[in-house]
Amino acid sequence: MGRVSTTPRRVVAAFVAVTALLATGCSGAGQRPGAAPSSAPASEPAPPSSAPPDGPATRAAALVAELADEDLVGQVLMPYAYGDQATEVSAGSAAGNRNLGGVDTPAEMIEKYRLGGLILVGFSADDPTQSNQATTNVDNPKQVRQLTTGLREAAGKLPAGTAPFLIGTDQEYGVVTRITDGVTMLPSALAAGAADDPALTEAAWRAAGTELAAMGINLDFAPVADVLVKRSTVIGSRSFGADPSRAAGQVGGAVRGLQASGVAATVKHFPGHGHSAVDSHEDLPVLTQSRKKLAAEAWPPFTAGIEAGALAVMSAHLDVAEVDPGVAATFSRTLLTDVLRGELGFQGVVITDGMNMPPARRWGPGEAAVRALKAGNDLILMPPHVGQAYDGLLTALRDGSLPRARLVEAATRVLTMKFTLADKPVPEMSTLGAPAHREAADALAAGAVTVFKGRCDTSGVKGPVTVTSSGGRAHTRTALTEALTEAGVQVVASGGTVVHLVGYGDGAGDLRSGAAVTVAMDTPYVLAGASSPTLLATYSSSRASMTALADVLAGKAAPRGRSPVKVSGLPATTCG
C-alpha cells in the first residue's frame, strides 16, 4: 500500500501559505460576512507558487473556497453516534441519536450537520476512559468495515465529499482499545517502552495501522505521548514510560508505523497528562510544574511525534498553572497557538479531547466549541450535543464572535489532512491477523518481559505450573495456560509451581502469598509489595505478551526488558 509521508514539511509549508491567502481573502476577525447569504462560499484566492498544484494543501484550499458556511462548520466537528450500522439502528440507538442531534441514524447525522468525521466508540472492563463512552459502535471487524463503508457513502454525497471522510477511534492497544476481537493485539505502550526498540515499535504499529485501514478507519487517536511522571490510573500503561528521551523514540516509531499504513496518527494528550494523577474524565487536573520543567520533561515526545510527521495532536483538559492558570489547555490560545504551534512548530490538525468530559462541560456545547476553535483547535471531538455545537459555531460565525479566518484555517487544516490520506489503497480484510502482523506484535512483546527479582539466566520453571490471578482474569489465565502448554510446560489446576498474574487496578490485596512467580501485566508498581522469589512484568495482558511470558518461563527465551518506570525497592532489571 502507498506510504503516507512521515515528513510532510512541504505539505505544511504549502498549507501555511494557502491558508494565509484564504484568510486574507475572507472576512477578517470579528467582521460579519455582511449581506451575503450564509451559504455563500469563500472567495477563492490564487494558490501560491510554492504549493504543489495537486498537493493536499492546494486541493484543500480549492475545496474550502467552494464550501458554504454550513459545510465549513461541519468539517470541524467529529461527534460520536449511536448504532453499529450507518443507516439501520436499534430503537434504543435511534433514541440516543435523537437526543444527540435530532436524527435517527449516523448517516442522517452526517447529512444534517455536513460532518467532516465521526469517532467510533466502545470500551472494555479495564478501560479508564469508559466514563465518556456513552455507547459502542464496534463488535467485530466485518461489522466495523460495513459501518465505515456506510458512513463514507453518506459523506460522499456532501459538498465536501471529494475529500475522504474521517473515521477515527482510540486504538491505543492495552487498556484503551476499541476493537479487540479479530485483530492483531499489540502489547501496551509501556511494554514497548520496556523493550526500548523504536524499530520494533514501528513495525508493530505499521501492522496495526494496516488492519485499521482494512476496517475503514483512517485516524487513530494514538500514540500516547504523556511521560509517566505521576503514578496514574488514567494514563498508566498507556504511556511509554517515565523517561522523556526513551518515550520520544517510541512515539516517533509509532507515528511512522501508523502513517506508513495510511492512518493518521494523533499524538496525545498535549501538554502532558502524565504529569498529573488526576483523571480529566472526572475533574480538571492542574499541572504545577514550571514551563521550563514541562519543556524538558513533558514535551520531548510531542516534539518527536511532530518531527516524525504526525498529522494530528490532541489537546488535553489540563490546567497548566505556570503558563495559563485556570484555563484548560483545550481552551488556551497560549498553549495551543503560542507553544504547540509557535514553539514546537506543529502545523497539522489540533483535535480536542472529548468535549463531553467534565472540564469541557463548564459551558454549553456551542460556546465550548467556539472557545476551543478560537484557542487553536481545528477539530471538535465528541461534543455532548452535536446539534448545539453546530448551531453555536454557525451563530458565532455569523455574528462575528468567531473570526471567519480562524474557521477557514481550521477547515483547511482538516481537509489538508484528509487529502494527505486520499488515494491510499484499502487493504483487504484478510490482512487482519496476518502472520507477519502477529510476528511484529510477538517481537515487541518478547522484548518487553522484565525480571525485577530472581535469576535472569533461568532455565525455566521446575515441574508443573499452576496459573492463578486476581479476580476477573479467566481469559488471560487461559491464554497463558495455552501458551505454556505450547511451550512444553505442563499446567495443572492446583499443586504446581504457582505463577500469579496481577493486572490493571490491582493492589497489594491482589497479590498471592506463596506464589513462586508474580507477574505484573500493567504498571509494575504493585510488585514492590510482592514476596515471590521471582518477579516479572509483561506490562500487558495481550496474547502476544502471554506467549512471550510463557517462552521465558519455559526457558526458551531470555527476558530482555528494562522497566520504563521506577518501582520502589526494585531494580529496572536484574539482567544487566
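Name the single residue, out of those in the range 477-507 being among the hydroxyl-bearing types (S, T, Y) and open to solvent by 50 Å² or more (accessible area, probe 1.4 Å), that is farthest from T538 (Cα to Cα). Only one residue fits best here, namely S494. The number of residues in the range 90-119 being open to solvent by less than 70 Å² (accessible area, probe 1.4 Å), on the phi < 0 side of the Ramachandran plot, in contact with a helix residue (DSSP H, G or I) (Cβ under 7 Å, 6 or more places away or on another chain) and not aromatic (F, W, Y) comes to 13.
Does G249 fit the bill of being open to solvent by 10 Å² or more (accessible area, probe 1.4 Å), part of a helix (DSSP H, G or I), touching a Pro at 6+ places or on another chain (Cβ under 6 Å) and at pLDDT 95 or above?
Values: open to solvent by 10 Å² or more (accessible area, probe 1.4 Å): yes; part of a helix (DSSP H, G or I): yes; touching a Pro at 6+ places or on another chain (Cβ under 6 Å): yes; at pLDDT 95 or above: yes.
It is true that G249 is open to solvent by 10 Å² or more (accessible area, probe 1.4 Å), part of a helix (DSSP H, G or I), touching a Pro at 6+ places or on another chain (Cβ under 6 Å) and at pLDDT 95 or above.
Residues in the range 120-148 that are open to solvent by 50 Å² or more (accessible area, probe 1.4 Å), modelled with pLDDT of 75 or more and of a type in the set (A, V, I, L, M, F, W, C): 1 in all.
Can you tell me which of P564, P571 is closer than 24 Å to A204 by Cβ, of a type outside the set (V, I, T) and not in a strand (DSSP E or B)?
Residue meeting the stated conditions: P564.
Scanning the range 377-389 for residues that are open to solvent by 20 Å² or more (accessible area, probe 1.4 Å) and assigned to a helix (DSSP H, G or I) yields a single hit, Q388.
Among the residues of the range 447-487, which ones are within 29 Å of the chain's Cα centre (by Cα) and assigned to a loop (DSSP other than H, G, I, E, B)? If the condition is that a residue be within 29 Å of the chain's Cα centre (by Cα) and assigned to a loop (DSSP other than H, G, I, E, B), then G447, A448, V449, S470, G471, G472, R473 are the ones that fit.
A quick yes/no check of all residues on (1) farther than 22 Å from V414 by Cβ; (2) within 17 Å of the chain's Cα centre (by Cα):
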site	(1), (2)
A304	yes, yes
D324	yes, no
V339	no, no
G345	no, no
D353	no, yes
R362	yes, no
L379	no, yes
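Of A254, A260, A265, all but one fail to be over 14 Å from the mean Cα position of the chain (by Cα) and at pLDDT 90 or above; the exception is A260.
In the range 535-561, which residues are in a helix (DSSP H, G or I) and β-branched (V, I, T)? Walk me through it before giving the result.
So in the range 535-561, the residues in a helix (DSSP H, G or I) come out as 543-553.
Across the range 535-561, the qualifying residues are T547, V552.
Of the residues making up the range 430-476, those that are open to solvent by 60 Å² or more (accessible area, probe 1.4 Å) and out of contact with any helix residue (DSSP H, G or I) (no Cβ under 9 Å at 6 or more places or on another chain) number 7. Of the residues making up the range 313-355, those that are among the acidic types (D, E), touching a helix residue (DSSP H, G or I) at 6+ places or on another chain (Cβ under 7 Å) and surrounded by fewer than 24 Cβ atoms within 10 Å (Cβ to Cβ) are E322, D324.
Only one residue in V414, V408 is modelled with pLDDT of 95 or more, aliphatic (A, V, I, L, M) and within 15 Å of P56 (Cβ to Cβ), so which one is that?
Details: V408 fails: within 15 Å of P56 (Cβ to Cβ).
Unique residue meeting the criteria: V414.
When restricted to residues that are out of contact with any Phe, Trp or Tyr (no Cβ under 9 Å at 6 or more places or on another chain) and not aliphatic (A, V, I, L, M), the range 221-237 contains 3.
In the set G161, G168, G193, which member is over 18 Å from S542 (Cβ atoms), at pLDDT 95 or above and either among the hydroxyl-bearing types (S, T, Y) or open to solvent by less than 20 Å² (accessible area, probe 1.4 Å) (or both)?
Values: G161 fails: either among the hydroxyl-bearing types (S, T, Y) or open to solvent by less than 20 Å² (accessible area, probe 1.4 Å) (or both); G193 fails: over 18 Å from S542 (Cβ atoms).
Among G161, G168, G193, only G168 is over 18 Å from S542 (Cβ atoms), at pLDDT 95 or above and either among the hydroxyl-bearing types (S, T, Y) or open to solvent by less than 20 Å² (accessible area, probe 1.4 Å) (or both).
Among the residues of the range 211-245, those that are in contact (Cβ under 8 Å) with a residue 60 or more places away in the chain, outside any loop (DSSP other than H, G, I, E, B) and on the phi < 0 side of the Ramachandran plot comprise E211, A213, A214, L219, S237, R238. Taking the listed residues A530, A548, the one that is closer than 19 Å to P187 by Cβ and open to solvent by less than 40 Å² (accessible area, probe 1.4 Å) is A548, with no other qualifying. If the condition is being assigned to a helix (DSSP H, G or I) and hydrophobic (A, V, I, L, M, F, W, C), then the range 488-534 contributes A508, V526, L527, A528. Being outside any helix (DSSP H, G or I) and more than 19 Å from the chain's Cα centre (by Cα) is the requirement here; does L158 meet it? Yes. Scanning the range 527-556 for residues that are of a type in the set (V, I, T) and touching a Ser or Thr at 6+ places or on another chain (Cβ under 9 Å) yields T534, T538, V552.
Out of everything in the range 400-427 that is of a type in the set (D, E, K, R) and part of a loop (DSSP other than H, G, I, E, B), what residue ends up being surrounded by the fewest Cβ atoms within 10 Å (Cβ to Cβ)?
Going through the range 400-427, the residues of a type in the set (D, E, K, R) turn out to be 404, 406, 409, 413, 418, 423-424.
From what is left, the residues that are part of a loop (DSSP other than H, G, I, E, B) are 423-424.
Details: D423: 9, K424: 17.
Here the answer is D423.
Criterion first (touching a residue at least 24 places away in the same chain (Cβ under 8 Å) and within 26 Å of L186 (Cβ to Cβ)) does V565 satisfy it?
Judged against the criteria, V565 is a match.
The values are calculated or read from the model by the stated rules, or taken from the named source; none is laboratory data. Please read all numbers here as calculations on a predicted model, not as lab measurements. Heads up, the Cβs are rebuilt from the backbone with ideal geometry, glycines too, and the neighbour counts pull from every protein chain shown. The accessibility values were calculated without ligands, DNA or RNA, using every heavy atom of the protein model including side chains. Shrake-Rupley method; radii C 1.70, N 1.55, O 1.52, S 1.80 Å.
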